[in-house]
Amino acid sequence: MPPYDVIDSTASTDVHALPTDRPALAPAEPSSKARYRGLIWLVSAAFFMQALDATIVNTAVPAISQALQVTPLSMRTALTSYVLTLAIFIPMSPWLCDRFGTRRVFGGAILVFAIGSLLCGVAQSLPQLVAARIVQGLGGAALMPVGRYVLVRSIDRRQFVSAMTTVATFGLLGSVVGPLIGGALVEFTNWRLIFLINVPVGIVGLVLNRREMPEYRLEQPHRFDTTGFILFAGASALLLMAAETAGVRGHGLEVAGYALAAVASAVLYVRHSRRTEFPVSDLSLLKVRSVWVALAGNLFTRLGVSGMYLLLVLFLQIGCGWSPLVAGMMMVPQAIGSITVKPFINRLLTRFGYRRLLLGNTFAVSAVLCSFALLSADTPPWIIIVFVYVYGAVMSLQYTSMNTLAYVDLDVRYASQASSMASTAQYLSMSFGIALASLLMAAFLGSHNAQGYVWAFRWAVIVLGLITLAASWIFSRLHDPRTAHDRSATPGTP
């Protein structure tokens, strides 16, 4: 962070890497987790609200598509528009916090997210739903990065992974409740209520924000990087447009045009960021090995797994003929598997280090994804439950390890930018992952009957598993734990 920080006024202009392959053990201050218990509850509520929204929508895709008179796979626009909006506007969150303060920004984000949920609930067509999802994304863009940033600033390093695990667990509780509520509301009431349920949760979040959110801001904030933001947003949107259009026959030139324009915007942003004192995304942080490995690994991992929820819902409801409620209940084992593993993650990271744990677990994630191809409409439900439970367990370990890796070697002054970049990479890869999964499903879909969806599901998960496997090479670029002592003598080594 620049000087004149209201909370921490220590100035620094260099990016310093801390030599470690394991979670940092030396805190800058005494343990503060208990002191900020209310803050952890607040951030947990925000994560719960986002997880609730994501899982509810996935479960209701077939019902919403039928009500809006569109095909189930065309609903990917409503899903990708939300996560792409998150990715585009997340880089604004550090500057907004510097300018207006974390309490005001976080509260405003909760309010806008709740308003967007209300608009989704009254949408009458797919374009209206997409527009409302964009409003949701505008609010959600500040929830996760600001929440992570405040936790990094408030919780000492020894208990940061533990605090993030607590927050992620509440997000997973939203994943447990979401499919159940979504399936029940779709089957017994109306799909519109799946969005309206966010409104009371948002009200609770606003009350907690006024009481528990600490105020981090700058007395003299720098100017916002408008040029960089436009270039970054343009590159992201053009890439997604290229991915969306790639599934339409006869549009090869259009896809190529979008892709070339996206690459040009990205190159221009890289040149611009090097000449700007305060770029919207500080690429100099990528000099730290753990940061670029975390971001790149996140990108390829989520590219392979982000569309899995949508594919599984289509497989269960259309391919297997299950009701929305029963299909929603089948999502619960995934969340339970995630929660089961959470208490052991910090211990595993301390024992094995990030490199060995992420490398081995990425192979496990890829194998589990490919194994879903063994399922069919005749598979007993208990076997599907086992598959989904194991998938939730390995993904919980993967997500928490990737999400904390970006911070362990950085000075706290760069926590805001690191949080923004990590969240941006996460949601960009999610939007591309959903688009990719939908395109694969459409490519393998020979007929729109139940058997056609089962066949398409099988081949799609195999391809996604192989894509996820590519992330293992990225995680192998982390330093071996056995060389940690040698690196301790050169703290500037990225």
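Among the residues of the stretch 187-213, those identified as touching a residue at least 24 places away in the same chain (Cβ under 8 Å), under 16 Å from V43 (Cα atoms) and over 24 Å from the mean Cα position of the chain (by Cα) are R210, R211, E212.
Taken over the stretch 315-368, residues that are under 26 Å from N190 (Cβ atoms), touching an Asp or Glu at 6+ places or on another chain (Cβ under 8 Å) and buried (at least 20 other Cβ atoms within 10 Å of the Cβ) amount to 1.
A60 falls short of the stated requirement of being within 30 Å of T189 (Cα to Cα) and surrounded by fewer than 24 Cβ atoms within 10 Å (Cβ to Cβ).
Out of A259, A335, one residue alone is part of a helix (DSSP H, G or I), more than 30 Å from L96 (Cα to Cα), touching a residue at least 40 places away in the same chain (Cβ under 8 Å) and not polar (S, T, N, Q). It is A335. Filtering the stretch 474-492 for residues that are in a helix (DSSP H, G or I) and at pLDDT 75 or above leaves a non-empty set. Looking at this structure, is L299 under 23 Å from A471 (Cβ atoms) and at pLDDT below 80? Taking the combined requirement at face value, the residue does not satisfy it. Filtering the stretch 440-455 to residues that are modelled with pLDDT under 85 and either among the aliphatic types (A, V, I, L, M) or in contact with a His (Cβ under 6 Å, 6 or more places away or on another chain) (or both) leaves A442, A443, L445, A450. Just one of the numbered conditions (1) within 17 Å of V388 (Cα to Cα); (2) over 21 Å from the mean Cα position of the chain (by Cα) is not true of R356: (1).
Quick test for you: out of L357, L325, L310, L268, pick the one residue that is farther than 27 Å from F224 by Cβ, in a helix (DSSP H, G or I) and modelled with pLDDT of 85 or more. Unique residue meeting the criteria: L357. Look through the stretch 203-239, keep the residues that are under 29 Å from T80 (Cβ atoms) and not in a helix (DSSP H, G or I), and return whichever of them is least open to solvent (accessible area, probe 1.4 Å). Step by step, filter the stretch 203-239, then rank; the result is D225.
With respect to the conditions (1) touching a Ser or Thr at 6+ places or on another chain (Cβ under 6 Å); (2) free of Cβ contacts under 8 Å to residues at least 60 places away in the same chain, S396 falls short on a single one, namely (2).
Would you check if there is a residue in the stretch 244-256 being open to solvent by 40 Å² or more (accessible area, probe 1.4 Å) and in contact with a Pro (Cβ under 7 Å, 6 or more places away or on another chain)? Scanning the stretch 244-256, I find no residue that is open to solvent by 40 Å² or more (accessible area, probe 1.4 Å) and in contact with a Pro (Cβ under 7 Å, 6 or more places away or on another chain), so the answer is no. Restricting attention to the stretch 189-202, the residues being in contact with a helix residue (DSSP H, G or I) (Cβ under 8 Å, 6 or more places away or on another chain) and surrounded by fewer than 19 Cβ atoms within 10 Å (Cβ to Cβ) number 4. The listed residues are I134, I110, I115, I88, and the only one of them that is part of a helix (DSSP H, G or I), touching a helix residue (DSSP H, G or I) at 6+ places or on another chain (Cβ under 6 Å), open to solvent by 40 Å² or more (accessible area, probe 1.4 Å) and of a type in the set (V, I, T) turns out to be I134. Could you tell me whether any residue of the stretch 417-431 is modelled with pLDDT of 85 or more and buried (at least 24 other Cβ atoms within 10 Å of the Cβ)? Scanning the stretch 417-431 turns up no residue that is modelled with pLDDT of 85 or more and buried (at least 24 other Cβ atoms within 10 Å of the Cβ).
One residue stands out in the stretch 63-85 among those that are on the phi < 0 side of the Ramachandran plot and outside any helix (DSSP H, G or I): the one that is surrounded by the fewest Cβ atoms within 10 Å (Cβ to Cβ), namely T71.
Only one of the listed residues (V288, V313, V293) is in contact (Cβ under 8 Å) with a residue 12 or more places away in the chain and either farther than 25 Å from Q398 by Cα or over 21 Å from the mean Cα position of the chain (by Cα) (or both). That residue is V288.
The values are calculated or read from the model by the stated rules, or taken from the named source; none is laboratory data. Fair warning: this is a prediction, and the values are worked out from it, not measured in the lab. Because the Cβ atoms are built from the backbone with ideal geometry, glycine has one as well, and the counts that use them run over all protein chains shown. Note: accessible area is taken over every heavy atom of the protein model, side chains too, but ligands, DNA and RNA are not part of it. Shrake-Rupley method; radii C 1.70, N 1.55, O 1.52, S 1.80 Å.
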